[in-house]
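Structure first, then comments.
Every number in this text was worked out from the coordinates using simple rules, so none of it is lab data. Remember, it's a predicted structure, so these values are computed and weren't measured experimentally. Positions of Cβ are backbone-derived with ideal geometry, glycine not excepted, and every protein chain shown enters the neighbour counts.
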Amino acid sequence: MPPEPAVSETRTAVRRLLESPDAAPFRGSPLVVACSGGADSLALAAAAAHVARHLDVPAQAIVVDHGLQVGSGAIAERAVEQLAGIGMSAQVVEVAVDGMGGLEAAARKARYTALRAERPSGALVLLGHTLDDQAETVLLGLGRGSGPRSIAGMRPLDPPWARPFLGVRRATTEAACRAQGLEPWQDPHNSDPRFTRVRLRTEVLPLLEEVLQGGVAEALARTARQLREDSDALGEVAEGELSRVRADHGLDCAELRLLPAAVRRRVLREWLSAEGVPEMTDAHLRSADALVADWRGQGGPALPGDFVLRRAHGRLRVETADRKPPNG
Ligand SMILES: Nc1ncnc2c1ncn2[C@@H]1O[C@H](COP(=O)(O)OP(=O)(O)OP(=O)(O)O)[C@@H](O)[C@H]1O
């Protein structure tokens, strides 16, 4: 008997990504499924188990226990049982979450660090983000006036991360679980209206769907894809310009100023990232850019990782807060 349509769709999505030209360096690599026990990642595990058997590659799951809720250990064990039912071995990894800067963000950071560290060498880590997650990310970015990089959403392949379900609706992962007798964990956070994302999902998107007569989630995901293509092209242009505007261990502000704003900001982003500045936000980038495009003798912005950007003698330089060059 052929599988249910939802099951076929999830399997096809995993196979397509693994067989795409971009994934060629990972042919034959082991697969790790990051599984929370929710419908998306459980359906992903089932699809990945099927495809891995077909491709003859090893597959396993990692369940991260953040220890943030009462009974989190039992939730993780329940996920392991569900995974055992589809023939996938799983490991529970307990992480310590340091709540500085918001619990959600800290949990996410701890989760990604653990997944990266615990995966077998060279393995791809499959994440269950869906088309609905992508649409929510784009809408949130638009509403907050984020730069194109945020609105471009998540990439299907960003090694070691792979997101095969970015074209799959959440309703499909739920249907795939039902069809395979899987019982996903319902995270109470997913229906808690104190979370902005939950209100977007349950109030804003349905209203937009009604007003625009459907297809909104797909349209937002399409916007994200177009922006990713534009962003990749811009990245190539910026790479060329960066080598041109480098001067005396910094950047030449007069040369930079002549560049179109979008190229200039991308050059700054690539340069700062190469200098070791971590996780630049769009706001950081705007203040960095002001030193070039709107120079009034102002001080440079403090950047993440205790770095400071300074402009002196027509050059931009990154320094640590105690005025040493990075790595110096
Ligand atoms: N506790 C967990 N253990 C393992 N993997 C997880 C866990 N929680 C989430 N994931 C993985 O991350 C994916 C996205 O989960 P979710 O949307 O809850 O996270 P998020 O924090 O909103 O997303 P992101 O991680 O990109 O910010 C899941 O489909 C799953 O693959």
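Annotation note: trypsin sites (Lys or Arg not before Pro) in the stretch 211-254 located in DSSP loop regions with a Cβ neighbour count of at most 11 within 10 Å are absent.
Peptides 15-21, 129-135, ordered by how many other C-beta atoms sit within 10 Å of their residues on average, highest first, read 129-135, 15-21.
Sorted on the mean count of surrounding Cβ atoms within 10 Å across their residues, most packed first, peptides 162-174, 62-74 read 162-174, 62-74. Between residue 74 and residue 213, the distance separating the two model label sites (each 7 Å from Cα on the Cα→Cβ line) works out to 5.0 nm.
Note that the stretch 73-82 has calculated 3J(HN,Hα) couplings of x, 5, 5, 5, 5, 5, 5, 4, 5, 4 Hz, one per residue in order, obtained from phi through the Karplus relation 6.51 cos²θ - 1.76 cosθ + 1.60 (θ = phi - 60°); glycine and proline are x. Judged by the ratio a/c of the largest to the smallest principal axis of the C-alpha gyration tensor, the stretch 248-320 counts as rounded, that ratio being less than 1.5. With θ taken as phi - 60° and the Karplus curve 6.51 cos²θ - 1.76 cosθ + 1.60 applied, the whole-hertz 3J(HN,Hα) list for the stretch 118-123 is 8, 6, x, 4, x, 6 Hz, x standing for glycine and proline.
Across the options 76, 227, 167, the greatest Cα extent toward the positive end of the charge dipole of the chain (unit charges at beta carbon of Lys, Arg, Asp, Glu) belongs to 227. Restricting attention to the chain, close to 50% of DSSP beta bridges with both partner residues there are antiparallel.
Loop-located GluC sites (Glu not before Pro) across the stretch 179-286 with a Cβ neighbour count of 12 or fewer within 10 Å are 279, with loop assigned by DSSP. Here is how the number arises for the chain: DSSP H runs of 4 or more residues each give -39500 (n - 2.57), the sum is divided by the residue count, and the result at 222 nm is -15000 deg cm²/dmol. In the stretch 5-211, if the dipole is taken from +1 on Lys/Arg beta carbons and -1 on Asp/Glu beta carbons about the Cα centre, which of 92, 121, 207 is farthest to the positive end? Going by the charge dipole, the pick is 121. If R0 equals 30 Å, the separation of the Cβ atoms of residue 306 and residue 261 corresponds to a calculated FRET efficiency of about 0.60. Couplings 3J(HN,Hα) for the stretch 26-40, derived from phi with the Karplus relation 6.51 cos²θ - 1.76 cosθ + 1.60 (θ = phi - 60°), are 9, 4, x, 6, x, 10, 10, 9, 7, 10, 8, x, x, 4, 5 Hz, where x marks Gly and Pro.
How much length is gained if the chain between residue 190 and residue 279 is pulled fully straight, taking 0.36 nm per residue apart and subtracting their Cα-Cα distance, in nm to one decimal?
29.4 nm
Across the stretch 78-168, the relative contact order, built from alpha-carbon pairs under 8 Å that are at least six residues apart, equals 24 percent.
Projecting the Cα atoms of 321, 45, 110 onto the charge dipole of the chain, computed from C-beta unit charges around the Cα centre, puts 321 farthest toward the positive end. Our Cα-only numbers for the chain put the radius of gyration and Dmax at 22.2, 74 Å.
Under 14 Å from the 7 Å Cα→Cβ point of residue 225, by amide nitrogen: which residues of the stretch 6-26? Only 13, 16-17 pass the distance filter. Short-range pairs are left out: with C-alpha atoms under 8 Å and at least six residues apart, the relative contact order of the chain is 15 percent. Cβ crowding within 10 Å, taken as a proxy for footprinting-reagent exposure, orders 177, 35, 253 from fewest neighbours to most as 253, 177, 35.
Spatially, the stretch 1-63 and the stretch 193-219 are offset by 28 Å when compared through their Cα centroids.
Placing R0 at 45 angstrom, the Cβ-Cβ distance between residue 239 and residue 81 gives a FRET efficiency of 0.40 after rounding to 0.05.
Using only side-chain charges placed at the Cβ, +1 for Lys and Arg and -1 for Asp and Glu, the dipole size of the chain relative to its Cα centre rounds to 740 debye. By the count of other C-beta atoms within 10 Å, a proxy for reagent exposure, 1, 100 are ordered fewest to most as 1, 100.
Between residue 24 and residue 248, the simple spin-label model (points 7 angstrom out along Cα→Cβ) gives 4.5 nm.
The distance between label points at residue 315 and residue 198 comes to 5.3 nm (points 7 Å beyond Cα on the Cα→Cβ vector). Using amide H atoms built in the peptide plane, which far-off residues or other-chain residues are under 5 Å from residue 281 H to H? Those qualifying (amide H under 5 Å, at least 5 residues apart or on another chain) number zero.
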